[in-house]
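The values are calculated or read from the model by the stated rules, or taken from the named source; none is laboratory data. Quick caveat: nothing in here was measured; it's all calculated off a predicted structure. Note that each Cβ is placed from the backbone with ideal geometry, even for glycine, and that neighbours are counted across all protein chains shown. With ligands, DNA and RNA removed, areas are computed over all heavy atoms of the protein, side chains included. Shrake-Rupley method; radii C 1.70, N 1.55, O 1.52, S 1.80 Å.
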Amino acid sequence: MNKPTAKTFQLTALALTLLFAGCAPKSQSDAAPAKAQATASASSTATTTTSSESTITDDANLPVIDAVITHAPQVPPPIDRNHPAKVVVKMETVEKVMRLADGVDYQFWTFGGQVPGQMIRVREGDTIEVQLSNHPTSKMPHNVDFHAATGPGGGAEASFTAPGHTSTFSFKALQPGLYVYHCAVAPVGMHIANGMYGLILVEPKEGLPKVDKEYYVMQGDFYTKGKYGQQGLQPFDMDKAIDERPDYVVFNGSVGSLTGENALTAKVGENVRLFVGNGSPNKVSSFHVIGEIFDKVKFEGGKAVNENIQTTLIPAGGAAITEFKVDVPGNYVLVDHSIFRAFNKGALGILKVEGEENPSIYSHKQKDTVYLPEGAPQAIDNAKAPETKTPTDLKEQVAAGKATYDANCAACHQPDGKGVPNAFPPLASSDFLNANHKRAASIVANGLSGKITVNGSSYDSVMPSVSLNDQQIANVVTYVLNSFGNKGGQLTAEDVAEAKKTKPTP
Ligand SMILES: [Cu+2]
């Protein structure tokens with residue numbers, strides 16, 4: 001559908017050129033390929049055209065520009081031209097050993113010395129001159145197939161380059177979109193599996209809407225003789241590749257390329273655009289950002305925009321542009337939602353968002369309450385509590401109480417007695433506890449519910465009764481009173497027997 005449209009445009013453009021050829025100043029035809037010249041010629045023709053689109057359509061007269069290309073996750077700057085140009089893209093293929101995961105090295109074949117290859121950004125209608133150099137240390141010939149090119153092999157044949165050579169060819173970016181490029185030298189699968197892919201963005205003439213952050217992420221799968229994580233230099237495994245059983249599925253060429261210090265970043269309120277490619281020789285990607293919804297997805301890198309997308313499918317050899325506004329701070333996890341790949345094979349990255357919380361959009365945990373449905377046991381079984389005999393002194397009693405505490409109380413009040421905010425009140429330095437030791441014994445024996453205030457914070461929850469005998473309760477309360485910064489104290493079994501007759505009241 002698009003092709004005739006592009007052709008029609010070309011014809012129209014050609015007709016325009018012919019139409020205006022007579023009016024064009026002579027000096028323009030011998031224009032040197034320089035930016036300044038381009039600006040001059042663009043303004044000199046401005047009077048003869050009614051559209052903002054310049055009439056520079058004659059390829060020989062196109063201004064020549066060196067492409068700004070970037071390593072992932074960086075993205076080249078947006079195009080600010082309103083006319084086509086001849087964009088020179090210098091690419092180099094390099095074979096080199098690099099880190100695939102911690103302690104795992106791999107002999108990568110690359111564009112530009114990294115995986116993925118550098119991102120290229122051009123404008124619809126530009127002529128791309130590709131100068132592909134194959135480093136003299138390479139053992140293999142390489143080439144490049146641009147999915148953005150129209151012509152046999154996407155340039156593969158034209159760019160076939162032996163080690164120590166440079167090939168030049170050009171193509172016209174007829175149709176806007178986000179496209180994959182990759183090496184296509186036989187065995188093609190092996191060149192791709194070794195990391196030979198990248199993205200080229202062909203911006204539509206009108207450009208892309210401005211956003212605050214743009215990033216370049218490309219998924220790939222890798223096949224190694226050793227299993228995931230097996231240390232050392234891992235050779236490529238052709239059998240696994242043919243069986244489509246990758247050991248690694250990663251973003252940007254290695255496990256951890258987008259985590260920790262390498263995490264992507266944004267601030268609350270910013271619009272983020274991800275240019276996501278899938279260079280994998282085999283696996284399609286179910287690309288998802290945990291905790292976000294894509295406001296817009298140009299699925300498959302094309303023109304159509306879908307909105308409100310949770311997960312977008314990116315075919316092998318395909319791409320997608322996703323956009324979303326980040327509303328609340330936190331770590332958002334980029335994954336292939338074929339989820340074992342994320343947590344067991346490396347397809348995991350982080351977008352770290354900083355800024356103000358917004359509880360109306362996301363509250364974080366507000367409450368943790370005890371769930372005691374009808375018929376559930378209302379008391380905690382003390383099966384795990386150690387046998388008790390009457391302790392002879394305070395030290396022995398505290399030791400016995402500690403064992404009871406660890407087995408019966410620590411799960412909620414925590415081993416250090418500090419509790420859990422909004423859920424379990426602290427026993428450490430608890431004003432509520434220290435105010436009334438016998439009430440504490442009664443709480444353990446009878447349970448407690450209703451609103452209480454401990455050290456200035458209120459709790460409105462349920463503590464089930466803990467079925468301990470009087471001596472055990474005396475021990476555990478004595479332990480607590482003599483630990484965690486509390487003020488000391490001691491209870492006997494007789495004290496507990498007396499205390500538990502009174503239900504505790506806040
Ligand atoms: Cu290659």
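Structure data summary
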quantity: Residue check for residue 241: open to solvent by 10 Å² or more (accessible area, probe 1.4 Å), out of contact with any Ser or Thr (no Cβ under 6 Å at 6 or more places or on another chain), part of a loop (DSSP other than H, G, I, E, B) and within 16 Å of the ligand (Cβ to nearest atom); calculated: no
quantity: Qualifying residue in the range 132-144 (condition: touching a helix residue (DSSP H, G or I) at 6+ places or on another chain (Cβ under 9 Å), surrounded by fewer than 23 Cβ atoms within 10 Å (Cβ to Cβ) and touching a residue at least 40 places away in the same chain (Cβ under 8 Å)); calculated: yes
quantity: Of residues in the range 97-120 being part of a strand (DSSP E or B) and within 13 Å of the ligand (Cβ to nearest atom), the one nearest to residue 140 (Cα to Cα); calculated: 109
quantity: Inter-residue pairs, beta-carbon under 6 Å, first closer than 16 Å to residue 223 by Cβ and open to solvent by 10 Å² or more (accessible area, probe 1.4 Å) and in the range 271-287, second in a strand (DSSP E or B) and not hydroxyl-bearing (Ser, Thr, Tyr), 6+ apart; calculated: 282/221; 283/221
quantity: Close pairs from the range 64-77: first of a type in the set (S, T, N, Q), partner not in a loop (DSSP other than H, G, I, E, B), Cβ under 6 Å, at least 6 apart; calculated: 70/119
quantity: Condition met for residue 315 (open to solvent by 20 Å² or more (accessible area, probe 1.4 Å) and touching a Gly at 6+ places or on another chain (Cβ under 7 Å)); calculated: no
quantity: Among the candidates 425, 421, residue that is of a type outside the set (Gly, Ala, Ser) and open to solvent by less than 50 Å² (accessible area, probe 1.4 Å); calculated: 425
quantity: Subset tally (residues that are within 19 Å of residue 222 (Cα to Cα) and within 16 Å of the ligand (Cβ to nearest atom)) for the range 69-96; calculated: 4
quantity: Any hit, the range 166-173, residues being of a type outside the set (A, V, I, L, M) and within 14 Å of the ligand (Cβ to nearest atom); calculated: yes
quantity: Subset of the range 200-213 that is closer than 19 Å to residue 125 by Cβ and not acidic (Asp, Glu) - its residue that is nearest to the ligand (Cβ to nearest atom); calculated: 200
quantity: Count - residues of the range 121-148 that are part of a strand (DSSP E or B) and among the small types (Gly, Ala, Ser); calculated: 1
quantity: Any chance residue 195 is within 16 Å of the ligand (Cβ to nearest atom) and crowded, with 20+ Cβ neighbours inside 10 Å; calculated: yes
